[in-house]
Amino acid sequence: MTPSNLDRLADEYEEPILKIDGFDDCALGVATRAGSWPTLVYSRTKMIHQLTNAMPIDDAEEFFDFNIGQAYMGEMTPLILED
């Protein structure tokens, strides 16, 4: 998704949608569930692929697992799809 698409989604839901900085192109869409906030869904494969632009694959996977995949930002934490 592009940043403008993500902004349009946020406007559409009229709720704050938490993004992971620098990974807009890795977003797949928004998941909703009764009684909870709309949540962005990201592709793990795409995120790791993007990280490999700056580091080897093993380092990218380790960085992702430690710094992104395990990060909890409250009930609005984006979802990571294991694709």
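The values are calculated or read from the model by the stated rules, or taken from the named source; none is laboratory data. Fair warning: this is a prediction, and the values are worked out from it, not measured in the lab. Here the Cβ is made from the backbone with ideal geometry for all residues, glycine too, and neighbour counts use every protein chain on show. In case anyone asks, the SASA skips ligands and DNA or RNA and just uses the protein heavy atoms, side chains included. Shrake-Rupley method; radii C 1.70, N 1.55, O 1.52, S 1.80 Å.
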Any chance you could count how many residues in the stretch 36-64 are touching a Leu at 6+ places or on another chain (Cβ under 8 Å) and among the small types (Gly, Ala, Ser)?
2
The one condition GLU61 fails out of (1) of a type in the set (Asp, Glu); (2) without any contact (Cβ under 8 Å) to a residue 12 or more places away in the chain; (3) under 21 Å from GLU82 (Cβ atoms) is (2)
For residues in the stretch 62-83 being among the acidic types (Asp, Glu) and touching a helix residue (DSSP H, G or I) at 6+ places or on another chain (Cβ under 6 Å), which is modelled with the lowest pLDDT?
ASP83
Those residues of the stretch 46-83 which are hydroxyl-bearing (Ser, Thr, Tyr), open to solvent by less than 90 Å² (accessible area, probe 1.4 Å) and either over 21 Å from ARG8 (Cα atoms) or more than 12 Å from the chain's Cα centre (by Cα) (or both) amount to THR52
Residue selected from the stretch 1-31 under the condition in a helix (DSSP H, G or I) and exposed (fewer than 11 other Cβ atoms within 10 Å of the Cβ), by the criterion modelled with the lowest pLDDT:
SER4
Quick check: anything in the stretch 32-45 buried (at least 16 other Cβ atoms within 10 Å of the Cβ) and over 14 Å from the mean Cα position of the chain (by Cα)?
yes
So ASN53 fits all but one of (1) without any contact (Cβ under 8 Å) to a residue 12 or more places away in the chain; (2) of a type in the set (S, T, N, Q); (3) part of a helix (DSSP H, G or I); what number is the exception?
(3)
For the list (1) at pLDDT 95 or above; (2) part of a loop (DSSP other than H, G, I, E, B), I need the number of the one condition that ILE48 fails.
(2)
